[in-house]
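Following: one structure in structure tokens, then a few remarks.
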Amino acid sequence: KASQQILNGGKRMAKLIENMLDLARARLAGGIPLARASACLGEITERVVQEYQTTYPGSVVERRIEGDDNGYWDGDRLGQVAANLLGNALQHGVAGSPVCIGIDGRSEQEVVMTIANRGVIPAALLPVIFDPFRGGGEIGRKEGLGLGLFIAQQIVKAHGGTITMTSDDQVQTMVTVRLPRR
């Protein structure tokens with residue numbers, strides 16, 4: 001048990017350091033670098049889901065893929081986006097409610113990924129949700145620096161895409177990522 005706690009602590013620390021490095025890359029080095037290759041968004045998200053199923057064993061993640069989910073992207077970086085978004089959805093969603101991941105590849109120009117959970121983000125927080133060190137603090141963060149959404153946004157922008165978040169007053173929060181295929 002103690003060795004597992006040390007291992008988990010080490011992984012969290014490595015992630016925090018990598019997030020700080022990505023912050024520096026995004027702000028000082030002209031953006032987050034990409035290593036583009038042919039990639040399948042469904043496979044990328046499936047790997048992330050499998051990793052999180054061990055961290056959140058009681059969680060349910062529903063997945064739906066429509067159309068062609070291939071593009072010319074940095075698969076490792078998009079895995080980082082999916083991990084940040086899925087981690088937030090699992091951590092901040094209503095316990096026992098599923099997280100839904102949708103991938104829509106029916107358009108020739110782009111692939112759209114949505115991640116939705118039951119839970120509400122206060123309307124006042126939405127305009128700053130992607131700001132570094134700010135986005136998650138007010139909604140009960142358990143760990144981290146508040147960089148995950150900012151880094152996800154920077155990676156999506158580096159791919160020429162967009163990322164948005166909506167949250168209705170009653171039930172659901174949804175993140176939408178639009179990625180050009182090239």
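The values are calculated or read from the model by the stated rules, or taken from the named source; none is laboratory data. The structure displayed is predicted, hence computed values, not measured ones. In this analysis, Cβ positions are derived from the backbone assuming ideal geometry, glycine residues included, and neighbour counts consider all displayed protein chains. The protein model used for the area step is the full one, side chains on, heavy atoms only, and it has no ligands, DNA or RNA in it. Shrake-Rupley method; radii C 1.70, N 1.55, O 1.52, S 1.80 Å.
The table that follows gives values for the structure above.
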| item | result |
| --- | --- |
| Matching residues, the stretch 20-38, being open to solvent by 80 Å² or more (accessible area, probe 1.4 Å) and either of a type in the set (Lys, Arg) or modelled with pLDDT of 90 or more (or both) | Arg27, Ser38 |
| Which listed residue, of Val61, Val111, is buried (at least 20 other Cβ atoms within 10 Å of the Cβ), touching a strand residue (DSSP E or B) at 6+ places or on another chain (Cβ under 6 Å) and more than 21 Å from Thr162 (Cβ to Cβ) | Val61 |
| Number of positions in the stretch 82-126 that are part of a loop (DSSP other than H, G, I, E, B), farther than 24 Å from Gly146 by Cβ and of a type in the set (A, V, I, L, M, F, W, C) | 0 |
| Selection status of Leu41, open to solvent by less than 50 Å² (accessible area, probe 1.4 Å), aliphatic (A, V, I, L, M) and over 15 Å from Val156 (Cβ atoms) | no |
